[in-house]
Amino acid sequence: HCMWMRNTLIPLAVAFLDAKGRIVSISEMQPQTEVSHCASAPAKFALEMNKGWFSAKGVKPGASLSGLEKAPEPN
């Protein structure tokens, strides 16, 4: 999975998570750009926060999030 910031006006950070909620990579993204930010491993979820949020909280790849509900699989 990849993301870009074409129509986004504020800088964001994105954490890509696998199906078990483990962060596989984090990217800092600049507003109004078309640079692709891609997960470094297979990812099922993406969590966007303000730019710098993950580093300010000490959240790094390998950390896990709990409480993710399993989404139903598409038919």
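The values are calculated or read from the model by the stated rules, or taken from the named source; none is laboratory data. Note that the structure is predicted; figures quoted are calculated from it, not measured. Counting neighbours? That spans all protein chains shown, and the Cβs are built from the backbone with ideal geometry, glycine included. Just the protein is used for accessible areas: all its heavy atoms, side chains included, with ligands, DNA and RNA removed. Shrake-Rupley method; radii C 1.70, N 1.55, O 1.52, S 1.80 Å.
Over the chain, give the accessible area per residue in Å² for a 1.4 Å probe, as an integer. Let's see the in-between values first.
Values: 5200 Å² over 75 residues.
That works out to 69 Å² per residue.
Just check the chain against the gyration tensor rule for me: Cα atoms, a ≥ b ≥ c as the square roots of the eigenvalues, rounded for a/c under 1.5, and otherwise prolate or oblate depending on whether a/b exceeds b/c. Please report the intermediate quantities before stating the final value.
Values: a/c = 2.00, a/b = 1.33, b/c = 1.50.
Verdict is oblate for the chain.
Net charge around ASN50, counting only other residues with Cβ within less than 12 Å of its Cβ (Lys, Arg = +1; Asp, Glu = -1)?
Numbers: positive: LYS51, LYS57; negative: GLU28, GLU48.
With Lys, Arg at +1 and Asp, Glu at -1, the neighbours total 0.
Once both labels are modelled 7 Å past Cα along the beta-carbon direction, what's the LYS60-GLN32 spacing in nm?
Placing both labels 7 Å along Cα→Cβ, they lie 3.5 nm apart.
Give me the percent of the accessible area of the chain that comes from carbon and sulfur atoms, probe 1.4 Å, all protein chains in place.
The computed percentage sits at 54.
Could you tally the net charge around TRP4, taking each other residue with its Cβ under 15 Å from the Cβ of TRP4, Lys/Arg +1 and Asp/Glu -1?
Values: positive: ARG6, LYS51; negative: GLU28, GLU34, GLU48.
Local net charge: -1.
With r defined as the distance between the Cβ atoms of ARG6 and ALA41 and R0 fixed at 22 Å, what FRET efficiency is calculated, to the nearest 0.05?
Working: r = 25 Å, r/R0 = 1.12.
Between ARG6 and ALA41 the formula returns 0.35.
Counting only other residues whose beta carbon sits under 11 Å from that of SER27, what net charge do I get with K and R as +1, D and E as -1?
Details: positive: LYS51; negative: GLU28, GLU48.
That works out to -1.
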